[in-house]
Each structure stands twice: as structure tokens, then as C-alpha cells.
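The values are calculated or read from the model by the stated rules, or taken from the named source; none is laboratory data. If you're wondering where the values come from, they're calculated on a predicted model, not measured in any experiment. Heads up, the Cβs are rebuilt from the backbone with ideal geometry, glycines too, and the neighbour counts pull from every protein chain shown.
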Amino acid sequence: MKSKFISLLAIFFGLMIIIFPIMGLIGVADLIGLSLLLISIYLLVVGVSIIDYNKKGAILDLIFGAILLFISICLIFNVGIFGFLAQITLYLAGIILIIVGVVSLINNRESRYGFYIGIAGVILGLLYIVIGTYITEPIILGTLIGMWLIISGVLKLMDGH
């Protein structure tokens with residue numbers, strides 16, 4: 001039951017990230033903040049759900065989720081911080097997606113599709129950095145994070161762990 005909930009949560013968050021930028025309601029700082037917020041919530045939920053059988057992975061997820069939660073709240077509610085992070089924000093989100101992909105690789109070794117979740121995070125994180133370097137369109141960048149969450153949710157749902 002926990003696995004289905006986490007899978008559906010990831011799919012829902014991924015769809016939210018993809019839908020909101022298309023609606024044009026939020027700016028770049030808010031989009032990146034929202035993306036990081038949803039990833040942090042996902043990591044915190046995964047960390048709590050796997051603590052019974054994967055303590056190291058759960059602690060990694062919880063620590064990283066808490067750090068991302070702090071960063072996302074700062075980005076959403078403090079416009080000045082975005083100016084401070086403007087030079088590295090695009091790279092920061094890509095690097096975070098790569099790190100989350102690596103953490104997924106470590107945590108999901110026994111999972112049937114866990115490897116692909118991690119690989120998707122690493123590949124989409126690299127794409128995020130490359131695309132963000134040449135195209136700073138928040139819709140495209142937000143869509144990459146949304147795609148990772150949807151892929152993660154679908155693969156976890158198919159895995160059934």
C-alpha cells in the first residue's frame with residue numbers, strides 16, 4: 001500500500017510541475033522552488049517508507065529531503081535568495097536531480113525497476129544542465145523534473161515493492 005501511495009504521489013507531483021509552468025502562473029524562482037519542494041516531499045515520504053528495511057538509504061533520503069525542503073522554501077518565499085542563486089540555480093537543480101538519481105540507484109538495488117529510476121534521474125539531470133545552459137525556458141526545465149517524477153512513479157507502481 002505504501003508503494004502505491006508513493007508511486008501515485010510521484011506521478012501527481014510530476015504532473016503538477018508540468019502543468020503549472022504551462023499555465024504561466026509562476027516565475028522561474030517559484031518554478032524551481034516548487035520543483036525542489038515536490039522532490040523534497042517525495043524524498044521525505046520515501047525515506048520514511050523504507051526506514052524499516054533500508055536504514056542507510058532512508059537516512060540519505062531524509063537528510064537530502066530536508067536540505068531540499070529548506071532550499072525550496074527559501075526560493076519560494078525569499079525573492080532575494082533567487083538573485084543570489086541566479087548564477088547557479090539552473091546548475092543546482094540539474095545537480096540535485098543527478099544526486100537524487102544516484103540516491104535512487106543506491107536505494108533501489110533490489111527493486112526490479114529501481115535502476116531505471118536512478119538512471120532516468122541522472123540522464124534528466126544532465127539534460128537539465130545542458131538545456132539550462134543554452135535555453136533558460138522554465139517550462140522546458142520544469143518539464144524535465146516533472147518527467148522524472150512521473151517516470152519514478154510509474155516504474156515504482158509497476159515494481160509493486
Within region 105-161, residues being closer than 25 Å to residue 49 by Cβ, surrounded by fewer than 18 Cβ atoms within 10 Å (Cβ to Cβ) and among the charged types (D, E, K, R) number 4
First in region 39-55 and under 19 Å from residue 95 (Cβ atoms), second anywhere and surrounded by 15 or more Cβ atoms within 10 Å (Cβ to Cβ) and of a type in the set (Asp, Glu), Cβ under 6 Å, 6 or more apart:
43/61
Name the residue, out of 18, 39, that is surrounded by 18 or more Cβ atoms within 10 Å (Cβ to Cβ) and modelled with pLDDT of 85 or more.
39
Need at least 1 residues that are modelled with pLDDT of 80 or more and more than 11 Å from the chain's Cα centre (by Cα) per element, so show me which helices (runs of 4 or more DSSP H) inside region 65-137 make the cut, counting only ones lying wholly within it.
89-107, 114-134
